[in-house]
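To start, the structure under review is shown below, and the notes come after it.
Just so you know, all these numbers are worked out from the coordinates, no wet-lab data involved. Just so it is clear, the structure is predicted and the values come from calculations on it, not from any experiment. Here the Cβ positions follow ideal geometry from the backbone for every residue, glycine too, while neighbour counts run over all protein chains shown.
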Amino acid sequence: ELDARGYFVEPSQVLQDPKTGKSREIDFVAEYYSYVAEHRDLCVKTHFVGEVINNRFPVVLLTQRPSSPNSDTESYVKFGCTPEPVPFYDGMQLYELYEERGPRRESLFAQYCALTPKKGEQRELMASHPDDLYGSLHKLAEYVEQELQSFEEWTGGSETTSRDIWRLFFWHPMLVVGGQLFSVTVDDAGKPAVREETSAFLEVNWHQGELRKTTIVEVVQVGTLYDRMAEIDAWDADFERRLYEFRKQLTSDDEGTLDRP
């Protein structure tokens, strides 16, 4: 289906578990094919990294992530760019990159659980952190981090020139649920509210060796997956257009400076 919608799809991508040395599979990695001849030497795109689960009972997101000065918000958007130093950094600031690509605060949660029937019961459900769900979240976080490191390795070390390719690549981890997705929030009076979601975000905190890492995973119902991907692709296209205008203006200013006596 993704292939028919214009995506390059890499199914069953492999990462190595740093603890066991064994290979583990990611269900899919996809990126949308987009080419604008005018935007030569410029590319903005998103790598969608997906794990799919067929949950018979709901997945629930809990505890809205409160704003805090200690939050690792710079890790909320996973991206790499070239060249270094980044000549369009000021432009990125003007366009508020983190604000536009970061998770919506009202839809960002800090905890999760899955509901399953109690043993011997059909009508009573209990909440738990099943190993397969935890494993999917952890795989997504590790895979994205490894891809970022790989990007930095193959793009690093070159000097900046006016002919450099400007790349802005994003990695967007997604947990795709085949069943229901709910969130639990608390209003100002302290009363909990349960709502079915089509898409929401989960802050996943984990360790890479001794380093503490933060990864935002979008949890999305399968029926909403294509619309969400298309929405992000449209943002990429718009941002690429804006960067093109910024680079054209930058080049024009440089040429004007060279022409002055």
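Give the distance, in whole Å, between the Cα centre of region 167-241 and the Cα centre of region 1-66. The two parts, judged by their Cα centres, are 12 Å apart.
State the antiparallel share, in %, of DSSP beta bridges confined to region 171-259, rounding to the nearest 5. Please report the intermediate quantities before stating the final value.
Values: 15 of 19 bridges.
Around 80 percent antiparallel, to the nearest 5.
State the percent of C-alpha pairs, over all pairs in region 183-227, separated by a distance greater than 16 angstrom.
Numbers: 590 of 990 pairs.
In whole percent, the share of Cα-Cα pairs in region 183-227 beyond 16 Å is 60.
When volume of the Cα convex hull per residue in Å³ is calculated for this entry, the matching label among (i) 133; (ii) 146; (iii) 169 is (iii). Applying the criteria of a DSSP loop state and at most 10 other Cβ atoms within 10 Å to the trypsin sites (Lys or Arg not before Pro) of region 100-139 yields R104, K118, K119, R123.
Would you mind finding the longest exposed-site-free stretch of the chain, with exposed GluC sites (Glu not before Pro) meaning DSSP loop and at most 12 other Cβ atoms within 10 Å? Each step should come with its number before you reach the end.
Details: sites that count: E1, E38, E96, E121, E124, E159, E210.
With a cap of 12 other Cβ atoms within 10 Å, the longest stretch comes to 39-95.
Report summary: the helix-based calculation at 222 nm, which adds -39500 (n - 2.57) for every DSSP H run with n ≥ 4 and divides by the residues of the chain, gives -9000 deg cm²/dmol. Binning the alpha carbon pair distances of region 111-253 at 5 angstrom intervals from zero yields the distribution 2, 7, 12, 14, 16, 14, 12, 9, 6, 4, 3, 1, 1, 0, 0, expressed in whole percent.
Where in the chain lies the longest segment free of chymotrypsin sites (Phe, Trp or Tyr not before Pro) that are both loop residues by DSSP (not H, G, I, E, B) and have at most 12 other Cβ atoms within 10 Å?
Numbers: sites that count: Y33, Y35.
Result, exposed sites excluded: 36-261.
Among the lysines of the chain, pairs at least eight places apart or on separate chains and with Cα atoms under 18 Å apart come to 7.
Counted over the chain, the DSSP beta bridges are approximately 65% antiparallel.
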